[in-house]
Structure formats: C-alpha cells, structure tokens
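The values are calculated or read from the model by the stated rules, or taken from the named source; none is laboratory data. Predicted model only: the values in this text are computed from it and were never measured. Positions of Cβ are backbone-derived with ideal geometry, glycine not excepted, and every protein chain shown enters the neighbour counts.
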Amino acid sequence: MKIGILGAGQLGRMLALAGYPLDLEFTFLDPATDACAAPLGTHLHADYEDESALARFCEQIDVATYEFENVPAFTAGFVGGLKPLMPHPRALIAGQDRCSEKQLFTSLGIPVAGNVSVDSLEQLRAAARDIGTPGIVKTRRFGYDGKGQKIIRGEADVAAAWESLGSRPLIYEAFVDFQREVSMIGVRAADGTTAFYPLTENVHRDGILRVSTPRAHDALQALAEDYTLRVLEHLDYVGVMAFEFFVVGDELYANEIAPRVHNSGHWTMDGAVCSQFENHLRAIAGLPLGETRLRAPCAMVNFIGEVPASDQLLAIPELHLHLYGKTPKPLRKVGHANILAPDHRTLQDRVAAVERLCRS
C-alpha cells in the first residue's frame, strides 16, 4: 500500500520508519527543501496549495494522512476529494482554531478553563477583568511550542500582550493552577475499535516539551480515556490523536488536541508493544490495531537545539537514540532519546544523566 503524507518533518520520518516493516511505501508533499523525511520516500517539493503537485501526490498514493494539523483547508479538501484522507478533515477544523476546539470540548461535557475570543484591545481588557488574572492570551491558530501566547498577570500586561499578538484573532484563557500536565494518546480504527496508551506525564520548559513519562497505573487513566473517546467518536476519527490535559486534584481540564501522532507519544517507539506511529498506519491502512501496553518503566527526553555526543548518550543502559537529520538550531527539536529501566528509581537516575548531558 502507498501512503501519502502531507508534511515531511520528523513525524513523517518516524511514520515511514514504522511503515517499512509493514511493506508500506511513502510519498511526502512538503515545501521545505531540507525536509528530514525526504530520504525515506518520494518527496514532492511544492507548496501545499499547488494544485498540480497535489494532483501528482494523489496519483501516487492509496490513502493520505498528515503529520501536522495546520494543513490548509484547501489542501485537505483537494486531497480528500481524490483519495481517502484520514483523519477526516473535520478533525483538522476542530484542532486548528482554539475557540472552536474549546467549544467542542464543552459540547461533549469535557471541562475547560474559562475562555473568550478576543478581537480588540478593549475586548482583551474586558476578558482580563471578567475572567480574571493571571491568564494567557493566545493566537487562535498556528501556535505551537509556546509560540503565539503571552501571560497576563495584571492590567499592566494587557497593552503589551495586545501589541505583540493583536494582529490576529486571539483567545484569552484563565490560568489553570495545575499539578501536572498529561496527555492521552488514543487510536481509533475505521470500524470503531479503539486503543489507548498509558497516560503520559509531561514536563515543559519555555513552552517546549522536554520530558514525557508514561504512568502504567495513573488514577486518571480511565477519565482521560473517556474524554478522548468522546472526541474520537464525535469526529468519527481514524488514526492516532493526542489529547493534552491539565491535572487539578482528581479532575482533568482539557488543553488541546493534536489530530496526529504527537511528541509526547514518542516513548512508544521503544516503550510500548506497538508504537503510536505503527498504530496510526495500521488504522489508516485498515489493519488490526496493535497492543498499547507499556513494556517497562520508560521516559522520553527531547533534544532541543542540539544533540549531546552520541557516544556519551549510548553509554547509558537501555537508551534508544532517535535523531531526525535536522540542522541544529536554537529551540528546534532535533532528536530524542527513549530510556527504559527495570524500575522507576533507576529510570529517574538515567533520565537525570541524559539531562546533564543536555546541559553540558
């Protein structure tokens, strides 16, 4: 089977690496000349709205998917009109606008922080008064890894936040005083079969994910599965989806969904029986879903900007190194390591050793 992927970054690269043992072939469409997935398939170097290139893309594939959620609506519509596109473009629509996303969660009975759309400085001031501070103002579209958002701690921050972000539609959200950030990676097949990975605890710095640790028996596993299932079924979703939550006591507050494989699920490549990448491909190719069980205590550490020396990393027991073939650049995700261990104490020690190498 020939799989088409809109986007050719590291997620596309990891999808292809998971797909080759299944005898799947890959074609990528991406405007980047240095797309890191390009060596793993046919790379159509073209803009996402280039109709001629999109037509050639569709001629070469049996089914299409995407590795990032900001695929233009035109592109999704064009490809979906010629070939099966999974997940359905309605999932893109749901995930591309933060206001629409929050409205979806609320309609499904999933708790969210107080929020309101903002289109002017006066509206932002009113939102900060009505919802309260501290709060976060974000662009409604295209924000990721902490980009496109500003914290408002009081009235004095409002004007500067508007000056920084105010040329685009915004959303103001109440600040959630959370104890943990977690994500649920779920997968749904076309026949409605679902599977869920262990709830994953995430640590961010500067808005970028640094460490993800799956928890085999997290008390909030069932609730996270319930909320994720509501979204999967509502969207008639096919493929892998990530759902990020804030933990407040014994409650989960929805943050956002990612209608694709996700950074916080990279640990599954070595720590789960079947990775999120293979399960996404199984779902869109009509194959049975794989087992999502955690094989051993495990964690993922992202490499941001540059990668420590490989020989030092690989000297750490049960460390699996994944490099993306990307040029080092500040704040750029250039690789990750998955670390396994016989117990949680040993895992903590090994993760700390990796983080020391990242800071050295």
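Tabulated results
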{"item": "Checking Leu319 against (1) more than 28 Å from Leu220 (Cβ to Cβ); (2) under 20 Å from the mean Cα position of the chain (by Cα); (3) without any contact (Cβ under 8 Å) to a residue 40 or more places away in the chain, the condition it does not meet", "result": "(2)"}
{"item": "Flag if Ile136 is of a type outside the set (S, T, N, Q), under 30 Å from Pro198 (Cβ atoms) and outside the structural domain of Asp250 (by TED's automatic domain parsing)", "result": "yes"}
{"item": "Considering residues of segment 37-58 that are out of contact with any His (no Cβ under 8 Å at 6 or more places or on another chain) and within 21 Å of Pro259 (Cβ to Cβ) only, the residue surrounded by the fewest Cβ atoms within 10 Å (Cβ to Cβ)", "result": "Glu49"}
{"item": "Any hit, segment 27-34, residues being crowded, with 23+ Cβ neighbours inside 10 Å and more than 21 Å from Gln276 (Cβ to Cβ)", "result": "yes"}
{"item": "Check on Leu92, touching a residue at least 40 places away in the same chain (Cβ under 8 Å), surrounded by 15 or more Cβ atoms within 10 Å (Cβ to Cβ) and not in a loop (DSSP other than H, G, I, E, B)", "result": "yes"}
{"item": "Residue list for segment 68-82, filter: under 16 Å from Ala94 (Cα atoms) and either touching a His at 6+ places or on another chain (Cβ under 8 Å) or of a type in the set (D, E, K, R) (or both)", "result": "Glu69"}
{"item": "Among (1) touching a strand residue (DSSP E or B) at 6+ places or on another chain (Cβ under 6 Å); (2) crowded, with 19+ Cβ neighbours inside 10 Å; (3) outside any strand (DSSP E or B), the one test that Val211 misses", "result": "(3)"}
{"item": "Looking only at segment 209-256, and only at residues there that are in contact (Cβ under 8 Å) with a residue 60 or more places away in the chain and small (Gly, Ala, Ser), the one that is nearest to Glu278 (Cα to Cα)", "result": "Gly239"}
{"item": "Selection status of Glu244, part of a strand (DSSP E or B), of a type in the set (D, E, K, R) and modelled with pLDDT of 95 or more", "result": "yes"}
{"item": "Flag if Ala127 is over 17 Å from Glu256 (Cβ atoms) and either touching a residue at least 40 places away in the same chain (Cβ under 8 Å) or surrounded by 20 or more Cβ atoms within 10 Å (Cβ to Cβ) (or both)", "result": "yes"}
{"item": "Those residues of segment 162-203 which are touching a strand residue (DSSP E or B) at 6+ places or on another chain (Cβ under 8 Å), of a type in the set (Ser, Thr, Tyr) and at pLDDT 90 or above, in sequence order", "result": "Tyr172, Ser183, Thr194, Tyr197, Thr200"}
{"item": "Strands (runs of 3 or more DSSP E) within segment 113-208 that include 1 or more residues over 20 Å from Val248 (Cβ atoms) and touching a Leu at 6+ places or on another chain (Cβ under 9 Å)", "result": "115-118, 135-139, 149-152, 170-174, 180-188, 194-196"}
{"item": "Qualifying position, being closer than 18 Å to Gly286 by Cβ, without any contact (Cβ under 8 Å) to a residue 40 or more places away in the chain and outside any loop (DSSP other than H, G, I, E, B), among Phe74, Phe26", "result": "Phe26"}
{"item": "Residue match in segment 151-167 (condition: closer than 23 Å to Ser117 by Cβ, touching a residue at least 40 places away in the same chain (Cβ under 8 Å), surrounded by 14 or more Cβ atoms within 10 Å (Cβ to Cβ) and of a type outside the set (S, T, N, Q))", "result": "yes"}
